[in-house]
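The values are calculated or read from the model by the stated rules, or taken from the named source; none is laboratory data. As the structure is a prediction and not an experimental result, all values here were calculated from the model. Neighbour counts are summed over all protein chains in view; Cβ atoms, including those assigned to glycine, are modelled from backbone coordinates with ideal geometry. Ligands, DNA and RNA are excluded from the accessible area calculation, which covers all protein heavy atoms including side chains. Shrake-Rupley method; radii C 1.70, N 1.55, O 1.52, S 1.80 Å.
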Amino acid sequence: MEVDLSPKLAKKVYGGNGGSYHAWSPSELPMLREGNIGAAKLALEKNGFALPRYSDSAKVAYVLQGNGVAGIVLPESEEKVLAIKKGDAIALPFGVVTWWYNEEDTEFIVLFLGDTSKAHKSGEFTEFFLTGSNGIFSGFSTEFVSRAWDLDENVVKTLVGKQSGNGIVKLDGNFKMPEPKKEHRLGMALNCEEAPLDVDIKKGGRVVVLNTNNLPLVGEVGLGADLVRLDGSAMCSPGFSCDSALQVTYIVRGSGRVQVVGVDGRRVLETTLKAGNLFIVPRFFVVSKIASPEGMEWFSIITTPNPIFTHLAGRTSVWKALSPSVLQASFDVDADTEKLFSSKRTSDAIFFPPPN
């Protein structure tokens with residue numbers, strides 16, 4: 001599989017004084033097109049407002065920085081207004097209309113990862129704006145919009161033409177947006193930094209898995225996700241997705257080394273990962289990471305809502321399930337070497353602390 005797996009940074013697509021929208025291009029990261037995955041980031045300055053839009057892709061949104069407000073309208077449903085903060089994950093199925101707003105001084109940044117198998121362009125999100133200079137209704141004639149909304153044509157011209165912004169605008173500081181409601185978060189958002197840990201290894205790492213149990217909407221999106229925090233110099237054991245899923249990983253914080261091995265035991269990627277990098281592990285390829293002394297944190301989506309992984313180290317690895325004679329024959333070693341191998345890595349950990 002001759003595909004460039006090198007991690008890449010996002011590039012700005014549009015924006016102004018209210019904020020900016022950045023995306024990863026399949027021309028620079030070919031695995032996006034290969035895996036039908038889209039990836040983008042929204043960054044809003046104070047009073048920045050991302051105009052209402054819908055997308056041709058189902059997504060998982062993850063708040064990387066700051067606090068903000070999200071408006072979400074599911075098909076045939078009322079608007080839900082959520083207060084969201086760093087660590088929040090939100091599943092966004094097809095047909096969802098969203099808007100985003102930041103009323104605080106700190107920049108508000110949201111990561112979007114999603115499935116583009118039904119999108120107009122493989123490996124890219126296409127957004128359809130309800131208002132603004134490129135809004136949907138700017139393409140209809142005044143007559144059509146007037147009849148659809150049952151309004152005088154002069155009023156329609158004002159509604160359609162007044163907003164000259166494109167995608168993101170900056171609101172007046174005195175403008176009052178809707179107040180979030182605590183009950184609107186139920187079933188819509190999960191804070192991965194506060195949720196119960198699925199894995200917690202002392203001096204190793206911690207994992208929170210996003211699935212249909214703790215956020216049922218991911219079933220509609222068709223994606224699972226996880227937040228992984230690896231302690232300084234700790235290792236994430238070699239493993240692969242055994243249900244034909246792709247792993248799409250964004251480095252949130254810190255840095256570290258990664259190796260990926262594919263067909264015929266060939267190492268296809270060896271590089272240093274840094275905050276802001278995005279990289280994709282192909283189906284059935286084996287990946288392992290070692291954090292720098294400062295540690296490393298990443299958010300991943302997996303292209304199935306309830307992913308299953310096989311690990312190749314630790315007590316629960318496949319090696320521990322194979323009988324001693326099979327191991328001896330497979331490695332072509334004697335019984336003493338096999339016993340030494342089998343006696344190591346007896347922990348359940350998928351994270352290994354640094355050597356003493």
Checklist entry - Once amide H atoms are built 1.01 Å from N in the peptide plane, which residues 5 or more positions from Ile37, or in another chain, come under 5 Å H to H? => result Thr116, Gly123
Checklist entry - For the chain, what is the accessible area per residue in Å² when the probe is 1.4 Å? => result 49 Å²
Checklist entry - For the stretch 1-80, which whole percent of the accessible surface, found with a 1.4 angstrom probe, sits on carbon and sulfur atoms? => result 46 percent
Next on the checklist: For semi-axes √(5λ) of the Cα gyration tensor in Å, pick the label among (1) 33, 27, 19; (2) 37, 26, 21; (3) 44, 20, 18 that corresponds to the value derived from the coordinates.
Outcome noted: (3)
Checklist entry - Quick one: with all protein chains in place, what share of the accessible area of the stretch 211-296 is carbon or sulfur, to the nearest percent (1.4 Å probe)? => result 48 percent
Checklist outcome for this item: Residues whose modelled amide H sits under 5 Å from the amide H of Gly18, counting only those 5 or more places away in sequence or on another chain, are Lys170
Checklist entry - Under a Cβ-Cβ cut-off of 15 Å, what is the net charge of the residues other than Cys192 that fall near it, where Lys and Arg count +1 and Asp and Glu count -1? => result -1
Item to check | Most to least packed among 215-226, 133-144 [average Cβ atoms within 10 Å] | outcome: 215-226, 133-144
Next on the checklist: Could you tell me the center-to-center distance, by alpha carbons, between the stretch 69-105 and the stretch 185-250 in angstrom?
Outcome noted: 21 Å
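Nearest 0.05, what FRET efficiency do Thr272 and Leu151 give at R0 = 56 Å with Cβ-Cβ as r?
On the way: r = 57 Å, r/R0 = 1.02.
E(calc), rounded to 0.05, equals 0.45.
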Next on the checklist: Can you tell me which lysines have their Cα less than 22 Å from the Cα of Lys339? Leave out same-chain residues fewer than eight positions away.
Outcome noted: Lys320
Next on the checklist: Using a Cα-Cα cut-off of under 24 Å, which lysines could be cross-linked to Lys80, ignoring same-chain neighbours fewer than 8 residues away?
Outcome noted: Lys41, Lys46, Lys59, Lys170, Lys176, Lys181, Lys182
Next on the checklist: Skipping prolines and chain starts, which residues have an amide H placed within reach, meaning under 5 Å, of the one on Ala58, given they are 5 or more residues away or on another chain?
Outcome noted: Asp115
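Quick check on the stretch 135-281: what does the Kirkwood estimate of hydrodynamic radius come out to from the alpha carbon pairs, in Å?
Numbers: mean 1/r = 0.0485 Å⁻¹.
Roughly 20.6 Å, rounded to one decimal.
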Checklist entry - Cα to Cα, under 19 Å, and not fewer than 8 places away if on the same chain: which aspartates and glutamates meet these conditions relative to Lys274? => result Asp4, Glu28, Asp226, Asp231, Glu294, Glu297
Next on the checklist: If I model a spin label as a point 7 Å beyond the Cα along the Cα-Cβ vector, how far apart are those points for Leu130 and Glu104 in nm?
Outcome noted: 2.5 nm
Checklist entry - Hey, how many Å between the Cα centroid of the stretch 8-38 and the Cα centroid of the stretch 270-285? => result 15 Å
